[in-house]
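Worksheet: the structure to be examined is printed underneath.
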Amino acid sequence: MKIKFILYLLFISSISSCQSQSSKQENGKLQDVEASSNSLIKSKSYVLPKTLNEISGITFLNNSNQVVYAVQDEAGLIYTYDLSSGTITSQFEFGEDGDYEEITNDGEYFYVLKSNGDIFSIPVSMDVDQAKVSEFKGKLGKGEYESMGYDPENKSLVVLCKSCQTDKGNATLTGYVIKILEQGELSLKNQFSIRLEEINQLLPKNLKSLKPSAISKGNADNTWNLLSSVDNMLISLDEQFTPKEVTLFKKKQFAQPEGIAFDSKGQMYISSEKGNTENAFIYQVNIEK
């Protein structure tokens, strides 16, 4: 009798487990539909000159929707690109040639991120000599970096690892909050982690790692927008960096999307390196739901 009762309990437990598994899979499918039903629509395209074939980051000043400031990952230069004329109107040298991956600004200073985590502060006026350019160096964990955005709410920079030792063996993505002080000086405030488990809840297939290419905060809703060229996705996160929504895109849509920024009207732009195409591009982009 006891054996029959034990077998009965095991049978009930097995059914419950299957139902739970089925429910989880069903929820996963629903989340998959929600994530993949969003599409990135390119409403305008700007063909860039050969000088910007390796464009790696873009930013707008908060009073502009026609002028883009860009960096490329080979030269210590900030380029001014006019969307209306489709031309580079000026360039400013802030440092030696190197691997520069991202640019953002707080209205007073441009901040340029190097792949090793070093950050340059450059006055927005760009009419000063290089003695006014300061460098935040050797403060972040060892690794590779491509993503940095400005947080106007907290007057700080947010930097994400692309590949850092601290994340190896962990299902996490490490980020840093860097406080902006006077005259563009920077100070490390704190470190945080984004758990891949929270992103995987929005996806049909689990990510084992995430390789961010760019991050920018939307002007209208304070949502962080994380772009991953390798993973072909755009992730929306709240102010605590909790993933809220994932928009998947096809690899053929962008050759090599490396930059994301919002103009003064809150319009999203994505820049794409040349990759296997003839030119690099800046795209005006909408999320269609």
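Every number here is computed from the coordinates shown, using simple stated rules; none is lab data. Please read these numbers as outputs of a predicted model, since none were measured by experiment. As a convention, Cβ positions derive from the backbone with ideal geometry for all residues, glycine included, and neighbour counts pool all protein chains shown.
Worth pointing out:
- Between region 139-154 and region 157-196, the Cα center-to-center distance that results, in Å: 5 Å
- For the chain, with +1 on Lys and Arg beta carbons and -1 on Asp and Glu, the positive-most of Phe120, Leu226, Phe110 along the dipole: Leu226
- Local electrostatic count, Gln130, Cβ distance below 11 Å [Lys/Arg +1, Asp/Glu -1]: -3
- Sequence-distant residues sharing a close amide H with Ser56 (under 5 Å, placed H): Val71, Gln72, Asp73
- The mean sequence distance of close C-alpha pairs (under 8 Å, at least 6 residues apart), as a share of the length of the chain, puts its relative contact order at 20 percent.
- Phi angles across region 40-57 convert, under the Karplus curve 6.51 cos²θ - 1.76 cosθ + 1.60 with θ = phi - 60°, into 3J(HN,Hα) values of 8, 10, 7, 8, 9, 10, 10, 7, 8, x, 4, 4, 9, 4, 9, 4, 10, x Hz, Gly and Pro given as x.
- The charge dipole of region 146-289, taken about its Cα centre with unit charges on the Cβ of Lys, Arg, Asp and Glu (plus for the first two, minus for the last two), comes to roughly 460 debye.
- Each residue, Glu198 and Thr166, gets one label point 7 Å from its Cα in the Cβ direction; the gap between the two is 1.6 nm.
- GluC sites (Glu not before Pro) restricted to region 214-276 and DSSP loop, no more than 15 other C-beta within 10 Å: Glu239
- Among 96-106, 119-129, the peptide with the highest mean count of other Cβ atoms within 10 Å heads the list, and the full ranking is 96-106, 119-129.
- Violating pairs (Cα-Cα greater than 31 angstrom) within the set Lys42/Lys139; Lys162/Lys252; Lys168/Lys217; Lys189/Lys252: Lys42/Lys139; Lys189/Lys252
- Assuming charge only on the beta carbon of Lys and Arg (+1) and of Asp and Glu (-1), the dipole of region 36-141 about its Cα centre is about 440 debye to the nearest 20.
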